[in-house]
Every structure is written in C-alpha cells, then in structure tokens.
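Taking it in order: structure first as structure tokens, then the write-up.
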Amino acid sequence: MNRAAIKQKLAAIPAEAVIETDYDRKGFTLDVQVAPAQLVAAVSVLDAAGFFIEAVTGVDWLGEQAALRKEAQAKIAAEAKARAEAAAAAGEEPPPAAPPAEQGELPEDALEAVYDFNHYEELCRVTVRTRVPRSKPEVPSISEIYPGANWHERETHDFFGIIFAGHPYLVPLLLPEDADYHPLLKDFRP
Amino acid sequence: MSAFAGSEANETFVLNLGPQHPATHGVLRVKLTMDGEYIVEAEPVLGYIHRMHEKMGENRTWAQFLPNTGRMDYLHALAYNHGYVSVVERAAGIAVPERAEYLRVITAELNRVSSHLLWFGAFILDLGGFSPLLYAFDDREHILDLLESVTGSRLTYCYFRFGGVYNDIDDNFVAGTQAFIKRLRGRMPMYHNLVTKNIILMTRLKEIGPISAEMCRKYGATGPVCRGSGINFDVRKHEPYSIYPEFDFDVPVYEQGDSMARYMVRMDEIEQSLRIIEQALDKLPEGPVMADKVPKILKPAKGDYYHAVETARGSFGVRVVSDGSNTPYRLKLRSPTFSNLSLFGEACRGMLLPDALALMGSLDLVIPEIDR
C-alpha cells in the first residue's frame, strides 16, 4: 500500500484534513484530522492497509482560543495602526478607527486525542488526530480494531480524562485504582 | 466437572503474581485466573513505579529533562538519551558533528550489548539456571567500566547533549572497547555451548509462547518480539537515523514466533552490535564532539515533532509539542515494552504457569519504562 493510495482513502472518509508533512522536519508522513465520528472509519482504513499501532495520547489545548483571539486582535490593531501611519504620511485625514474586534464568549477549548500508526514494511508514519470539547471529551474506542489500543486508551483516560466510548475496561492503568484526577490537564493542581 | 462445582467460575481460582516476585523483574503484578495449572485469564496490573515523566517534561526546560531519559529504561539508557536529543534537535534544527554521531552509536550499541547480556542472565535465571547470570555479569561489567570512563556513570547515563555528546573518548576507551569485542566474540561460543544447546533450555523454550505476526501488528509489538515472529522491522534500518546507514549490519529475524526465536534474535543481535561498534571505531573521524552555537535557551518553533529510535526492547518514540517557549508543551514517550507486554494477556491464555513465566521473560520487561 503506497502513501498516495492511503492518502486518497483517508480523504474519502471524509477526513477534515489529510496533510502530507515534511518527514525530515516533523518525523511523520501523514497528518490526518478527523471528526470523532469518523475516527473508527479512518482507523479501519489503516488496519486494512496493514499498519500497526504505535501509541495513543492526548494534548490539552487549554487557553488556545484565548490565544487565537489575542493574536487576531493584535493583527487588527497592527493593521489599523499601519493604515493610520500611511494616511499621516500622505497628509490625509486619519481613517476612522477600526470596529472593535469581536468580544463575546470564547469558543470552548479542545482536548485532542492523537493516534500514531506505523508500517512494518514501508516507511509511513500516520498521525490521526481528533478534537473534542474539554467539557465533554468523548471519543469512540478503537480497541475493537486494535486490541493493543486498549492499554493506550486507558492510559490516555488516566492522564486526560478522555472517555473512550465502547472501551471494555476503562479503569486506571498507571494511576492508583481510585484516582479521580487527570494530571496532564493544564489546569490540574496537585 | 466435579459434583461440587456449581458453575464455571467455581472451577477457577485467582492467583496473584507479584508485585514483588523475581520473575516479574521489578514491580509488576499479574492477576492470573487459573484452571489448575493452566492460565485462563491474565491481567497485568501496572503503575507501581509510575512517576509521570511526561508531566515532569512540561515543568522543566528542554535541557533539564535530559537526566529523566536515563531513568526510564535503565538498561538501555543511552538509546533513550538518543531518542530525546534527536527529537529536540529535529525541532530546533540543530546539526550534530559527525564525530559526535559516531560516539553516540558506539556508546549506544555498547549499552545495547550490556542490556542483552543482563537479559540473557536474568532470563536463564527465570528458567532456573543460575550460573549463566554470573558469566553474563562478568562480561557486562567490562561494558559498565568502559561507559563509566566516558560518560561518568554506570547505569543511568546522561551522556548526549543537544548538538553532540558531553565528553570525547580517549585512546584507552578505544583500546578497551576493541579488547572487549575480542573477548566477547571468544565468549559467545561458550554461551551457545553452555546455554543455547542445552536440552533443558530447548524444551523450555521451543514452541512455547507463540506470538504470531498478526498479533504483533494488532498490539504494536516491536523489537526482538516482532523480529522473533518473522517481521523484519528495526528502526535503525527502517527509518535510518544518526549514522546507522553508514554501517553494514544485519537484522536477525526468526520465523517461529516462540520464546526460542526471541532468545535467538537477542543472542544474534549482540554480534551485530559488535560489528557496528567495530566499524565505527575503524571509521571514527576527527573533529569536535559538540556543535558550536547551540543556544543556551532553546525555543523550538511551534508544532509537533516525532522521532523514534531502536532500543534493546523495540521502538522508542518521542512526540514533542512545542509552543515556541523554553519548556515542552507536551512530551509523549512511547515505550516499547508497554506495547510488548500488552499482548501478554492474549498470548499466555491456556498456557501452563511456568511456560507463561518463560514467555514473560522472553519479552524482556523493564518496568520503569512501562510505568514511566
């Protein structure tokens, strides 16, 4: 199974994005972003193509939306400033102030589940990502397809509190059996 | 079925193996459901020495995490050093001088031999043979002395730096390593005569604990476990890093998938590692061992980066997510034995208890690396 064929099949799922990354720079070949509902379909494609599972993990993007908004506001402010300066240099009236950037409620930050796959015969590392809201982090389990994902998902549930729906035995693996905290969340305080 | 057994559940009993048990090599507990001498269900219970290295990574600078890498797989610490410095070098775009790459390969391969020797001794000990351990430790001691002279420590090495290595080697190290290669080559036939050809060992290992190639794929097994099941997968060949492409070495692959195959893979790998070290010492270029102008405070560009290396137990991968600051935003450590052990529950179903222990030994477990 070559890279282009896999890329095509994943794009047909439909995945939100299938990006061919620069392997030398990033260390993986394909970066696939899917909605949680399409995850099982994407993983089934990889299973049929003979990929093996490397790991499952998560990333907590707490504060990402605030940072994005700040960036957008800074950009608007910089543009307005540039326009005003250009107008002043040309001796014109300064243009009216730009409308204030969007305030309102921030969209919710996301938890990202990251799945790494690799192939025994061909150099092709595929990273599958799916994002879920922090308040309701639920992702379908892939342990039916890859029994090896069972432990990886338990570990990810330990660390991030991501719930893998359909997992047969989602109890703490590395943390104590009564652990009700998720230490890799950015707002975790011991 | 006896007259007293009302249901199938009454036919079985639960046996607790570990967490303090010599066969589990550290603190691993396995909850076994037994039907007499046969295993019905095995559930490894992990986490007894979980230290949350991944969170520690988020709380210290890129360089401050280096010593942690030597404390996961304490038997092949240099490979863990290598994986971590490689991913940070990839993220920050640091080039490594050639001599430093050679030193990395020489020391990491020496470390691999020492890890395989310890495994060899401990594995035979699991099977009830005591003396091979003493021979293996005798040889391993030479490696520890050699590595101590260049890295400064005997077990939890922290020798690699971003952009090179901490210390250059001297003539004593080169001479000592060459003498050691000669010595170990002389000893390998003795190991094979003493242990490999032993009829008791063969009976304990041949056709015991079969792991199919498909099972390896479904559980993500790598390293000698998958190579003992006929899968030719070695990160050094598959995804060449450092200067491994410069060397001529083979990847031992055995088709049988039993414990004996995994034993033979590791024994053959010792010779292949010696070949790599020999070639590296012959070709060793002159030059600096550290890149100039490695920034004191690293701030890799935003994004995520992955790098895998081949440790004595399989593919160790590090995924870092950088937010452009001086600490990692996220650091994921993919340890090989975690995946290798995850297939134990399925592989040992229906086996005799002593055979399952032979299978467990042949997986070469290092618990701090599983628990991280």
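With θ set to phi - 60° and the Karplus curve 6.51 cos²θ - 1.76 cosθ + 1.60, what are the ³J(HN,Hα) couplings of the range B:270-281 in order, to the nearest whole Hz, using x for Gly and Pro?
4, 4, 5, 5, 4, 4, 4, 4, 4, 5, 5, 5
Which value in nm describes the separation of the simple spin-label points at A:A179 and A:A35, placed 7 Å from the Cα toward the beta carbon?
Between A:A179 and A:A35, the simple spin-label model gives 3.3 nm.
Give the B-A buried accessible area in Å², both sides summed, 1.4 Å probe, nearest 100.
Adding both sides of the contact gives about 3900 Å².
Below 26 Å, Cα to Cα, which lysines can B:K302 reach? Residues fewer than 8 away in the same chain don't count.
A:K7, A:K26, A:K70, A:K75, A:K186, B:K55, B:K293, B:K332
Can you give the convex hull volume of the alpha carbon atoms of chain B per residue, in Å³?
On the way: hull volume 51.0 nm³, N = 372.
Spelled out: Cα convex hull of chain B, divided by residues, is 137 Å³.
Name the residues of the range A:172-190 whose amide N is less than 19 Å from a point 7 angstrom out from the Cα of A:S135 along the C-beta direction?
Answer for the range A:172-190: A:186-188.
Top mean-square fluctuation among A:L30, A:L39, A:L174, Gaussian network model of chain A, C-alpha springs under 10 Å?
A:L174
Would you kindly enumerate the cysteines in chain B that have no other Cys beta-carbon under 4.7 Å from their beta-carbon?
B:C158, B:C348, each lacking another Cys Cβ under 4.7 Å.
Which sequence of B:T203, B:T337 reflects their accessible areas, 1.4 Å probe, from the largest down?
These residues rank, largest area first, as B:T203, B:T337.
For chain A, what D do you get in µm² per second when you plug the Kirkwood radius from alpha-carbon pairs into Stokes-Einstein at 10 °C and 1.306 mPa s?
83 µm²/s
Quote the accessible area belonging to B:Y254 in square angstrom, nearest 10, computed with a 1.4 Å probe and with ligands, DNA and RNA left uncounted.
Per-residue accessible area (B:Y254): approximately 60 Å².
For the pair A:K75 and B:E141, what calculated FRET efficiency results from E = 1/(1 + (r/R0)^6), where r is the Cβ-Cβ distance and R0 = 51 Å, to the nearest 0.05?
Once the sixth-power term is evaluated, E becomes 0.25.
Which semi-axes, in whole Å and largest first, does the equivalent ellipsoid of the range B:47-100 have when worked out from the alpha carbon gyration tensor as the square roots of 5 times its eigenvalues? Write down the numbers at each step before the final one.
Values: eigenvalues 102, 43, 11 Å².
They are 23, 15, 7 Å, listed from largest to smallest.
Partner chain Cβ atoms within 10 Å, averaged over the residues of A:24-32 - can you pull that number for me?
Numbers: counts 1, 6, 7, 15, 7, 0, 0, 1, 0.
If you average over the peptide's residues, the count of other-chain Cβ atoms is 4.
Considering just Cα atoms, how many Å³ per residue does the convex hull of the range B:237-360 enclose? Mind showing how you got there, number by number?
Details: hull volume 19.5 nm³, N = 124.
About 157 Å³ per residue, rounded to a whole number.
Tell me, what is the FRET efficiency for B:K197 and B:N167 to the nearest 0.05, using R0 = 30 angstrom and their Cβ-Cβ distance as r?
Efficiency, from the Cβ-Cβ distance: 0.15.
Using mean Cβ contacts within 10 Å as the protection proxy, how do B:166-177, B:131-142, B:107-118 order, highest first?
Working: B:166-177: 15.5, B:131-142: 17.0, B:107-118: 26.6.
Highest to lowest by the protection proxy: B:107-118, B:131-142, B:166-177.
From other protein chains only, count the Cβ atoms within 10 Å of every residue's Cβ in A:55-64, then give the mean.
On the way: counts 10, 3, 8, 2, 6, 3, 3, 0, 1, 1.
Mean shielding by partner chains, rounded to a whole number: 4.
Give a residue-ordered list of calculated ³J(HN,Hα) values for the range B:101-114 (Karplus: 6.51 cos²θ - 1.76 cosθ + 1.60, θ = phi - 60°; whole Hz; x for Gly, Pro).
4, 4, 5, 4, 5, 4, 5, 5, 6, 4, 5, 5, 4, 5
Which percent of the accessible heavy-atom area of the protein assembly as shown goes to carbon and sulfur, probe 1.4 angstrom?
After summing per-atom areas, the C and S share lands at 55 percent.
Rank these residues by their accessible area, most exposed first, probe 1.4 Å: A:E138, B:E101.
Numbers: A:E138 85, B:E101 30 Å².
The ranking, largest first, comes out as A:E138, B:E101.
Output ³J(HN,Hα) for the range B:217-231: one whole-Hz value per residue in order, computed from phi by the Karplus curve 6.51 cos²θ - 1.76 cosθ + 1.60 with θ = phi - 60°, and x for Gly and Pro.
3J(HN,Hα) across the range B:217-231, in whole Hz: 5, 5, 9, x, 6, 9, x, x, 5, 6, 6, x, 10, x, 9.
If you keep only loop residues by DSSP, which GluC sites (Glu not before Pro) in the range B:26-75 have at most 11 other Cβ atoms within 10 Å of their Cβ?
Values: sites: B:E37, B:E41, B:E54, B:E58; in loops: B:E37.
Passing sites in the range B:26-75 are B:E37.
The values are calculated or read from the model by the stated rules, or taken from the named source; none is laboratory data. Since the structure is predicted, the reported quantities are computational estimates derived from the model, not experimental observations. Reconstructed Cβ throughout: ideal geometry from the backbone, glycine too, with neighbour counts over all protein chains shown. Remember, those area values only see protein heavy atoms, side chains included, never the ligands or the DNA or RNA. Shrake-Rupley method; radii C 1.70, N 1.55, O 1.52, S 1.80 Å.
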